[in-house]
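Asker: Have a look at this one before I ask anything.
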Amino acid sequence: MICWQGNNYRESVKIYSMHELSIATSIIEFAEEFATEHKTEKIKRIELEVGQLSGVVTESLKFALELAVKDTVLESTEIIINEVTGKSICNNCNKEFENPDWYTPCPACQSIDSEIVSGKELHIKSIITG
Amino acid sequence: MCDTCGCNDPNAGVSYHKPGEEHTHEHSHEHGHEHHYSHEHEHHHGDEHHSHHHEHSYSHEHSHDGHTHNHDHNHEHTDHSYQHEHTHEKEFKIEHDILNKNNMLAERNRGYFEAKKIKAINLVSSPGSGKTTLLEKTIAAQKDKLSFFVIEGDQQTMNDADRIHATRVPVIQINTGSGCHLDAEMINKAVKQLDVSDNSILLIENVGNLVCPAMFDLGESHRVVVISVTEGDDKPLKYPHMFHSSDICIINKTDLLPYVDFNVEKAKEYALRINHHLEFFELSAKTGQGMDAWYAWLKKNMG
């Protein structure tokens, strides 16, 4: 959810609200701590994993990061976001199937009784320094 | 704006208020000023005594075998200009859960609630679905039998806390400022100020928003999503994340069903497609219709 209230991007980063901004802030906090711990000032690349069912909109996260990285250790870092497909396993017939929207029924038996097995990831996968 | 410190930066963010108390928010936020200091200090080495500035320009005296000599020296570390032609690329595999900080704190809250036998209920919905009315009526009808504490979450105003305060149960308002959800840290701070008793029900009314609060575990025992019949019956399909993460779904304002197109069975079917574990209550907080089943559930879950 993006609620714009400001007239320009820089101003808006202070006062708009969306949970992707909280996520972006958490990523930056982690990177800052990582850089201090590893005594490096340069993070060349950071790789993120964002599941289709994680509740994070990839485009919004990219946008929030673009605004939030200014004056941080991630300011000129290449940020890679890998999307993970949502997948479920059917409790009725055990078939694994793609479930990008939470409510896709099992294609084999049409059951809605299934458990999500992937797609909820929200991870920092790797950091390249140097 | 805060009268004590004069802060009004929206980024300063979250504040906590109890009705009837003037100023309860914490002054832990940072102010944007820097301290520049230069200092001199003196220290002693054995019998010698010297003082120096922190810029590596010092003169000192010392003695060797009876003769004394003085020497001054100044040295500045200027321009170590190393040219690194090669790069030191290093890859670190991490696997860090981005929500880890919130999740860890939520588990701390959960442990605290369990130890004190507090049932924390996180109520989520879009704005205007009737969460506050549901709480008011529930408290009024059950407060002789159950002990209630309430945390209210809104971006601004004390309105909801004032309504709960009128029912004479302890309440604290969290104003999130620009924030669109409550998180585990806010609950942790609010609970400390609220001083929740053992064996009670902690009702947490989240910020009205069907998107963002879904991602933030507060350490609650149950998550209750409220929809009202004045909304579309396809709401569960539009906001699946919230319905997937809830245990209970309350369909509110059922007294208005004759006047709207909301199809209760369809809404339930959609919600079950997202989360087949969901338990439903159909009620009208305003008229009291269907509230007994909800009260029975609260009572059962306190046991």
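Asker: Determine the shielding of peptide A:70-77 by partner chains: average, over its residues, the number of Cβ atoms on other chains within 10 angstrom of each Cβ.
Answerer: Average neighbour count from other chains, rounded to a whole number: 0.
Asker: Oh, and also: Each label point is 7 Å from the Cα along the Cα-to-Cβ direction; what then is the distance between the points at A:E78 and B:V260, in nm?
Answerer: Output for this residue pair reads 5.1 nm.
Asker: To the nearest 500 deg cm²/dmol, what mean residue ellipticity at 222 nm is calculated for chain A from DSSP H runs of n ≥ 4 alone, each contributing -39,500 (n - 2.57), summed and divided by the residues?
Answerer: Only helices count here, giving -9000 deg cm²/dmol.
Asker: Just in region B:143-219: which GluC sites (Glu not before Pro) are loop by DSSP and have at most 10 other Cβ atoms within 10 Å?
Answerer: none
Asker: Using the Karplus equation 6.51 cos²θ - 1.76 cosθ + 1.60 (θ = phi - 60°), what ³J(HN,Hα) coupling, rounded to whole Hz, does each residue of region B:229-243 give in order, writing x for Gly and Pro?
Answerer: Running phi through 6.51 cos²θ - 1.76 cosθ + 1.60 with θ = phi - 60° gives 6, 7, 9, x, 6, 8, 3, x, 6, 6, 10, x, 4, 5, 6 Hz.
Asker: Moving on to the next point. Using the beta-carbon distance between B:K117 and A:E37 and R0 = 35 Å, what value does 1/(1 + (r/R0)^6) give for FRET efficiency, to the nearest 0.05?
Answerer: E between B:K117 and A:E37, to the nearest 0.05, is 0.30.
Asker: Counting partner chain Cβ atoms within 10 Å of every residue's Cβ in A:54-61, what's the average?
Answerer: That works out to 3 on average.
Asker: Here is a further query. Please pull out the direction-averaged projected area of region B:186-303, using the convex hull of its alpha-carbon atoms, in nm² to one decimal place.
Answerer: 7.9 nm²
Asker: I would also like to ask the following. At what distance in angstrom do the alpha carbon centres of region B:235-303 and region A:46-63 lie from each other?
Answerer: When both Cα centres are located, 30 Å separates them.
Asker: Continuing with the same structure: If you take each beta carbon of peptide B:93-105 and count the beta carbons of other chains within 10 angstrom, what is the mean?
Answerer: That average works out to 5.
Asker: Around A:K87, which amide H atoms from residues at least 5 apart in sequence, or from another chain, sit under 5 Å from its own amide H, with H modelled in the peptide plane?
Answerer: Here A:N99, A:V117, A:S118, A:G119 satisfy the definition.
Asker: Here is the link list: B:K117/B:K299; A:K39/B:K90; B:K137/B:K253; B:K101/B:K238; B:K235/B:K300; A:K39/B:K93. Which ones come out longer than 19 Å on Cα distance?
Answerer: Long pairs (Cα-Cα over 19 Å): B:K101/B:K238; B:K235/B:K300.
Asker: Packing-wise, with mean Cβ within 10 Å as the measure, how do A:56-64, B:210-218 rank, highest first?
Answerer: Listed from highest to lowest mean packing, they are B:210-218, A:56-64.
Here, each number is a calculation from the coordinates, and none is a lab measurement. The shown structure was predicted, so the numbers you read here are calculated from the model rather than taken from an experiment. Note that each Cβ is placed from the backbone with ideal geometry, even for glycine, and that neighbours are counted across all protein chains shown.
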